[in-house]
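All remarks here apply to the structure that follows.
The values are calculated or read from the model by the stated rules, or taken from the named source; none is laboratory data. Everything numeric here is computed off the predicted structure, so don't read it as measured data. With ideal geometry, Cβ positions are generated from the backbone for all residues, glycine too; neighbour counts draw on all protein chains shown. These accessible areas exclude ligands, DNA and RNA; they are computed on the full protein's heavy atoms, side chains included. Shrake-Rupley method; radii C 1.70, N 1.55, O 1.52, S 1.80 Å.
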Amino acid sequence: MIRQNELNQRKSDLTLGKQRDLRGERDGLDGKRKVPEGLKKFLDWDAELTNQLTNLMQVKLPSLSKSETKFMEISGSGYIWLPACAILYFMHPLVPKQLPVNLLMAFLLDIIVIGLLKAFARRRRPPTKNPDFFKSIGPDQFSFPSGHASRTILISFIFTEINPLFDLGYLNLVVSLLVWVWSFSVCFSRILNGRHYLFDVLIGVLIGFVEGFFVSYLWMSSERAENILNFLSDEAPEI
């Protein structure tokens, strides 16, 4: 009889724990802070709108497989683009050193901005989330804002507005169009994969554009980038 009571109590505790988890996921934050009523309603509306958009996309694009959305996710990952900076650096003189230096500066800016916002907002991922190909660490485990969205928009801005890939008009137009299609496809994949809510992605897109304009003012010339590299590579003077 005592054993049965213990089992019933344990089941009751588990049920209460699941209910608290569901409430935390519904609220969209980490469950440790009091969510204002207005913000809670907005988060619920965002979650509902995201669910409706996901269902609509699945109906309109039934042929879109998980492997395709997973590929888009991987293509926009920082685990891919940060090493790409090193590859571009060693492709000199085919690729000017100015490009990887500026790309690295832009990525570091994006990492800092997104990391701080994620750590502050601490919004939970959607309950229907699929695991990322790469493990999320630190603030990246949270949902708001989308780092993939900001990063891919920033990359597209750099390769179409700041440092176009080609000088020929028509060729540059076609490539720019493909780059932007890729960028927004990555953004949509984050919603379809259940990794982000719609508002997370929209704010990520906005941040990407703001970062792009900011990077355009900080963009280093070839001479300045070369000077920085020479400064970093110089050996410390002997004492």
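Before moving on, here are some points about what is shown:
- Normalised contact order of segment 66-223, rounded percent, pairs of Cα under 8 Å and 6 or more residues apart: 32 percent
- Cα gyration tensor, segment 31-121 - rounded (a/c under 1.5), prolate or oblate: oblate
- For segment 66-223: lysine pairs under 23 Å (alpha-carbon distance), excluding those fewer than 8 apart on one chain: 7
- Linear extension gain, residue 233 paired with residue 60, 0.36 nm per residue minus alpha-carbon span: 56.9 nm
- Rounded to whole numbers, the Karplus 3J(HN,Hα) couplings from phi for segment 205-218 are 4, 4, 4, x, 5, 4, 4, x, 5, 5, 5, 4, 7, 8 Hz, using 6.51 cos²θ - 1.76 cosθ + 1.60 with θ = phi - 60°, and x at Gly and Pro.
- Accessible surface, segment 66-223, averaged per residue in Å² (probe 1.4 Å): 51 Å²
- Prolate/oblate/rounded call for segment 66-223, Cα gyration tensor, a/c under 1.5 rounded: prolate
- The apolar share of the surface of segment 66-223, taken as the fraction of accessible area on carbon and sulfur atoms (1.4 Å probe, ligands and nucleic acids excluded), comes to 75 percent.
- Spacing of the modelled spin labels on residue 68 and residue 171, each 7 Å from Cα toward Cβ, amounts to 2.9 nm.
- Shape category assigned to segment 152-223 from the gyration tensor of Cα positions, a/c cut at 1.5: oblate
- Among 101-108, 226-233, 177-184, 214-221, the order from most to least packed when residues are scored by Cβ within 10 Å on average: 101-108, 177-184, 214-221, 226-233
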